[in-house]
Amino acid sequence: MSRSLASRLVAQPLLHKSSIPQCTRLPAQGARAFSQTSRRLEDGPPKPKSSSKSLLETLYGTPQVPKSDSAEKNVMSQLSQSSVFKAMATSRVDTSSLSGRAPAPKPVEELEPYHLHIYSTKHNTHVTCTKPNREPIISLSCGNLGYKKSRRGLFDSAYSLTKYLIERLIHTGWPMKMDRLEVVMRGFGQGREAALKVLMSPEGKILRDKIVRVSDSTRLKFGGTRSRRPRRL
């Protein structure tokens, strides 16, 4: 033996440590390599993944950037030109009572048209033209044209009466002043149909273009006293 006992004892623990293979040296559970830890520290704390919208934007919407004064003026000018504001500006609602002032009275001629009343019975026919305030302009009956007794209730007499009344109105210039005309019928005599025939004829064209309404004001009886007995011939 060339070496001494002391040198062999010193060399034995070094050989024993080096004899352990590398694959059996496993790191402790949950530990991390030093090289990886240093690299993570150099990169900084982990960053959250970028998303298209954050949670607050999803709940409350995207924040609106305050507009400048010029942008607000443009928006107000567009609103003032909208149809809603125009309709509110041209509203016909009378708000004078809210301010304590009495509403200005409107002229009657703007509310009511002229009237042509045709009252026909089996004995006679009456035709009256009135103003919008119901003041009569002209009133005639078949007796004013010279018809007597039973001839006053015939079709021909009522036709002549209506035609004559229209000629009198044209002579005095009233059709030029009339903008609207209402025909009011009353009764069921022969003069009712005769007056309508005149208005539909060329003689009544000057008044036919101004008619806005045709109404019936025939009196209807509901109950009441006993009617007169029918006449027997």
Based on other C-beta atoms within 10 Å, arrange Leu111, Leu181 from fewest to most.
Leu111, Leu181
Take the Cβ-Cβ distance between Glu112 and Trp174 as r, set R0 to 22 Å, and report the resulting FRET efficiency rounded to the nearest 0.05.
0.90
Roughly how many nanometres apart are two label points built 7 Å out from the Cα toward the Cβ at Ile138 and Lys210?
1.2
If you take the C-alpha gyration tensor of the range 172-233, multiply each eigenvalue by 5 and take the square root, what semi-axes do you get, largest first, in whole Å?
33, 15, 9
Using a basic spin-label model with each label point 7 Å from the Cα along Cα→Cβ, how many nm lie between Arg219 and His123?
1.3
Around Glu203, under 15 Å between beta carbons, what's the net of Lys plus Arg minus Asp minus Glu among the other residues?
+3
Among the listed pairs Lys122/Lys210; Lys197/Lys221; Lys149/Lys221; Lys122/Lys221; Lys122/Lys197; Lys149/Lys205, which are separated by more than 20 Å between their Cα atoms?
Lys122/Lys210; Lys197/Lys221; Lys149/Lys221; Lys149/Lys205
According to the Kirkwood expression over distinct Cα-Cα pairs, how big is the hydrodynamic radius of the range 110-216, in Å?
13.6
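Computed from the coordinates by the stated procedures, all read-outs in this text should not be read as laboratory data. Just so it is clear, the model here is predicted, and its values are computed rather than measured. Neighbour counts run over all protein chains shown; Cβ positions are idealised from the backbone, glycine included.
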